[in-house]
Structure formats: structure tokens, C-alpha cells
Amino acid sequence: MTSIGILGSGRVATALATRLATTGHDVMIGTRNAANSSARWTGPAVTFADHAQTARKASILINAMPGDASLEQLSALREELDGKILVDVSNATQRGADGLPAGLLYPGSSLAEHLQQALPGTQVVKTLNTMLFTVMVDPHRLKVSPTAFLSGNDGSAKTAVGELLHDLGWPPVWIEDLGDIFTARGTEALILLVPHIIRSRGFAPFALTVAR
Ligand SMILES: NC(=O)c1ccc[n+]([C@@H]2O[C@H](COP(=O)([O-])OP(=O)(O)OC[C@H]3O[C@@H](n4cnc5c(N)ncnc54)[C@H](OP(=O)(O)O)[C@@H]3O)[C@@H](O)[C@H]2O)c1
């Protein structure tokens, strides 16, 4: 059992917390309003706290906050996140008039690289940002095998995240370790395809994958 802290309490956080708690992990959700989030919760047993308490308690943190707020929010947790693994599943985009992603917030770089730079004592691993949240916790639901890309500087942190992915239902053969955190700029840029997929196909479950 791993102590996992999920920052944010929206769609991604709820899906990940539900699956990880169901597979036996100790899950804490870090939220700006623990009382409200706890009152709304209908899933398996998890606990709620503020961001700092969650970052202090958990050994693996998952960033499920909006990408445009993540750098500021997580930089403020530098001490609490020291020595921890930070799994970043967020997408940092500029939004178009319809609310869908229209451009990258960090062109020529990536949110994950900025996070790693701001949190030198933390091992940042980027993954799962290239699919709808329902696929993150149920990859077998698609007709074509999806890919979970991994980017991060530390091999043992990526191994630990690979084990979490296994608990989310990902077979090792569907996990693609791209290399260090620099490679996250590739997977973060894939978000630019997503609004076009959603406009043509709606919110049907999908993942961007490597076909061989
Ligand atoms: N939805 C998807 O299918 C999907 C797929 C891939 C990647 N992602 C990425 O995953 C992240 C979460 O997506 P989501 O769909 O779960 O979003 P969401 O439903 O909007 O949830 C985001 C949560 O973050 C917290 N939050 C909102 N604004 C914040 C702020 N300014 N500062 C700090 N916390 C804030 C809120 O929780 P509290 O109010 O409890 O603090 C909110 O519930 C995003 O970066 C998104 O791009 C989403």
C-alpha cells in the first residue's frame, strides 16, 4: 500500500482516487475546500485535507489541477514536496473562445520541465495527459491498445509510477518510457490535437497511442 496524495478534486482526481483506493492504496485528496469536497464525495474511503497537509503526508503526489494554476500552486509546496514523487497528469493550455485548448502555455518547453526546475528536490514524472480521464483508470475499454507515456529524470521514480499504472489497469507493454523530463514537451504538445477530436467525436473515450 502506498500513501498517495491527489491535488485537485475534479474529474481526473475523482477517477484516480476511486481506482487507487479500490486497489488498496491510502488516498488523500488535497483540495482548496476539504469540507465541501468531502461532503460531495460518494466513492470508496479516502481522506481530504489542504494541499500542504496532503503533500506532507503522501509519498507520491498526483497533480490533477488545471495546468495554468499548477506551477504557482506546486511551487508554493516546494518544502512539502521535497523527496517526493510528483506525477503530473495536467495539460497547460491557453483556451479558445469555446473553452477548449487552443495553444500551449509553455511553447518551446513544457509544464513538466518548469515544475522540475521549480522543485529540484522532487522527482517529476509526466504521464496520462494524452487521454480522456475515463481511459486513465480503464485502459482496456478501448478497441485499440492505448499508450501511457512516461517522462522523467529518475529511473526509480518512473518504476514506482509504472507500478501505480499497473494498479490502474495498465499492462507494462502499453507503457512507453520516452526518457527524461524534456520529452514531456512532446506529449504535452499532443493536447493540441484534442479539441479537434472532441469537436468531431464528442467526449467518447480516446487515447493518443503509438501503433506498431
Ligand atoms: N478531464 C480529462 O479527461 C483530462 C485528461 C487529461 C489531462 N487532464 C488534465 O488534468 C487536470 C485536471 O483535469 P480535470 O478534468 O479533473 O479538471 P477539473 O474537473 O476542472 O478539476 C480540477 C480541480 O483542480 C482544482 N482547481 C481548480 N482551479 C484551481 C486553481 N486555480 N488552483 C488550484 N486548484 C484548482 C479544483 O479542486 P478543488 O476545488 O477541490 O481545489 C478542481 O476540482 C487538468 O490539468 C487537465 O488538463 C484532464
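Values as computed for the structure displayed
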read-out	value
Extension reserve of the residue 32-residue 97 stretch, reckoned as 0.36 nm per residue once the Cα distance is removed	20.7 nm
In order through the range 23-31: 3J(HN,Hα) via Karplus (6.51 cos²θ - 1.76 cosθ + 1.60), integer Hz, x for Gly, Pro	8, x, 7, 8, 10, 10, 9, x, 9
Computed log₁₀ I(q)/I(0) - Debye formula, equal Cα scatterers, no solvent, the range 1-160, q 0.18, 0.20 Å⁻¹	-1.18, -1.43
Which of 161, 198, 25, positive extreme of dipole for the chain (C-beta unit charges)	198
Contact order normalised by residue count of the range 1-77, Cα under 8 Å, 6+ apart, percent	39
Proximal lysines to residue 158, defined as alpha-carbon separation beneath 17 angstrom and excluding residues fewer than eight positions away on the same chain	84, 126
Percent breakdown of C-alpha pair distances by 5 Å bin, ordered from the shortest bin, for the range 147-212	4, 15, 22, 22, 20, 11, 5, 1
P(r), alpha carbons of the range 92-191 - 5 Å bins starting at zero, rounded %	2, 13, 21, 22, 19, 14, 7, 1, 0
Residue among 170, 182, 118 farthest towards the positive dipole end of the chain, charges placed on Cβ	170
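Taken together, the values in this text are just the output of simple stated rules run on the coordinates, not laboratory data. Keep in mind it's a predicted model, so treat the numbers as computed, not measured. In this analysis, Cβ positions are derived from the backbone assuming ideal geometry, glycine residues included, and neighbour counts consider all displayed protein chains.
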